[in-house]
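Only one structure is covered here, and it is reproduced in the block below.
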Amino acid sequence: MLHEGMTRDAVLTALARHIGRENGVTAKGLVIEIVGASSAGLERQLRACVERLRDEGIAVCADPSAGYHIARDAAELETSIRFLVDRIATTARQVRALRKLARPALTGQSRLLL
């Protein structure tokens, strides 16, 4: 169920209080700040709002060690971009492995382990 308080504008307003990596906030903390409660569904809504803000060119950064924040400078933005690129690379590697190893087993093809 969508929460009406979790909007693009509400997320941007909350993130305006989190400028710079040192002021980052976890997804759970940001959701609580915005709507006063947290759940997995609300965190999914938050991520969708963050995607929209990024699509609009807002420098929303996030990584596990710093949390969500607006980039203070180009270096912080570059750190966040590197984190996202690394995630892309990891996902691509996992997809290749699943195609190479798991698909043949599930489709009845045999494979030799050398």
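The values are calculated or read from the model by the stated rules, or taken from the named source; none is laboratory data. From a predicted model like this one, the values you see are computed outputs, not experimental measurements. When the accessible area is computed, the model is the full protein with side chains, heavy atoms only, and any ligands, DNA or RNA have been set aside. Shrake-Rupley method; radii C 1.70, N 1.55, O 1.52, S 1.80 Å.
Across all directions, the average projected area of the convex hull around the alpha carbons of the chain is 10.0 nm². Only protein heavy atoms count here; under a 1.4 Å probe, residue 85 has an accessible surface of about 80 Å².
Helices assigned as whole DSSP H runs in the chain whose Cα atoms extend at least 24 Å along their own long axis and whose mean Kyte-Doolittle hydropathy is -0.5 or higher are found at 74-97. Between 96, 54, 44, the GNM of the chain built on Cα springs shorter than 10 angstrom shows 96 fluctuating the most.
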